[in-house]
Amino acid sequence: MEYAVSSDALKGKIILVTGAGAGIGKQAALSYAQHGATVILLGRTVNKLEQTYDEIEAAGYPTPAIIPLDMKGATKQNYVDMADTIESQFGRLDGILHNASLLGVISPFDQIGEDTYDDIMQVNVKAQFLMTQALLPLLHKSQDGRIVFTSSTVGHSGRAFWGTYAISKFATEGMMQVLADELSDSTIRVNAINPGATRTAMRAKAYPAEDTDLLKTPQDIMPLYLYLMAPESKCVNGQCIDAQPK
Ligand SMILES: NC(=O)c1ccc[n+]([C@@H]2O[C@H](COP(=O)([O-])OP(=O)(O)OC[C@H]3O[C@@H](n4cnc5c(N)ncnc54)[C@H](OP(=O)(O)O)[C@@H]3O)[C@@H](O)[C@H]2O)c1
């Protein structure tokens, strides 16, 4: 399917992107801004967020905002405070791209350490839960709010050695489906993207020996990211869609 949106599909929209300093999240922030959105760049490494900010400014897109936050240590109160800040600055929120996540280590199940398990579930699942809860009132103030989660092929089909990462992505898809069903009578749409193999630091960590020239780039997979944030996707809800269908 072609996921076409107009060049100003996101004009005037306020969109939060987590993990906006690198990889797919950085590209999504740039692409959303290019299509007219004011992007709120959330991540843990400030200089990477500033780099994304500078690229958006240099391109002449709407001036973004930066929220430095380490989702590993963030508490419920941090997300409540963040929602207050967004409300006072923008009055509402039109979209969240839950993109940031941790891969952890590829290892046999019986060697997964408790700390590794807790860190991955904290960043990949609980942080998204707390953030979404805090931001839902602001999404309800949007004419057509969007929540887009990020899954993986191992988020709906378990695979040996993918341990906590796979478990966390199953949970992500579960959260997406529960929310989508609950919000189906509203104008908020909730979906997930499976990016497929994409040329980023996370992919290189998982597959250090592969030829990265053969991989799609974050830019290649943006049509689906734009579509699920845009008004064009108002009839799509509760789906996990492959950005690189076979
Ligand atoms: N690349 C692929 O082939 C692929 C395939 C399937 C699914 N995915 C999914 O796509 C999404 C993006 O992945 P990617 O490949 O772009 O990964 P990436 O290059 O490793 O980027 C991950 C981003 O998440 C941020 N992040 C990590 N821990 C964080 C924390 N505690 N608090 C705040 N931000 C944090 C990172 O910030 P720092 O840069 O500051 O560390 C980085 O910006 C992930 O959900 C991933 O699971 C990717």
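Any read-out appearing in this document is the output of simple, stated calculations on the displayed coordinates, not a laboratory observation. From a predicted model like this one, the values you see are computed outputs, not experimental measurements. Because the Cβ atoms are built from the backbone with ideal geometry, glycine has one as well, and the counts that use them run over all protein chains shown.
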- [ ] Using packing as a proxy for protection, rank 26-38, 130-142, 232-244, 163-175 so that the peptide with the highest average count of other Cβ atoms within 10 Å comes first.
- [x] 26-38, 163-175, 130-142, 232-244
Task: Highest-first arrangement of 179-185, 68-74, where packing means the average Cβ count within 10 Å - done: 68-74, 179-185
Task: Cα Rg, Dmax (largest Cα-Cα span) when computed across the range 52-151, Å - done: 16.1, 51
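How big is the C-alpha Rg of the range 135-246 next to the rule-of-thumb value 2.2 N^0.38 Å, as a ratio?
Details: Rg = 15.3 Å, N = 112, 2.2 N^0.38 = 13.2 Å.
Rounded to two decimals, the normalised Rg is 1.15.
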Task: Charged-residue dipole, Cβ positions (Lys, Arg, Asp, Glu), the range 112-246 about Cα centre, Debye nearest 20 - done: 220
TODO: Show that you can apply the helix-only estimate: for the chain, add -39,500 (n - 2.57) for every DSSP H stretch of four or more residues, divide by all residues, and state [θ] at 222 nm to the nearest 500.
DONE: -12000 deg cm²/dmol
Task: For q = 0.11, 0.14, 0.17 Å⁻¹, Debye-computed log10 I/I(0) when each Cα of the chain counts as one equal scatterer - done: -0.53, -0.89, -1.38
Open item on the list: Which residue, Y165, V125, L97, has the largest displacement toward the positive end of the dipole of the chain when charges sit on each Cβ (Lys, Arg +1; Asp, Glu -1)?
Closed with: L97
TODO: Mind scanning K26/K72; K76/K205; K11/K234; K76/K216; K72/K141 and naming the pairs with a C-alpha gap bigger than 25 Å?
DONE: K76/K205; K76/K216; K72/K141
Task: Mean Cα-pair separation over length for the range 1-160, i.e. relative contact order, pairs under 8 Å, 6 or more apart, % - done: 22
Task: Alpha-carbon centroids, the range 1-62 and the range 202-229: separation in whole Å - done: 17
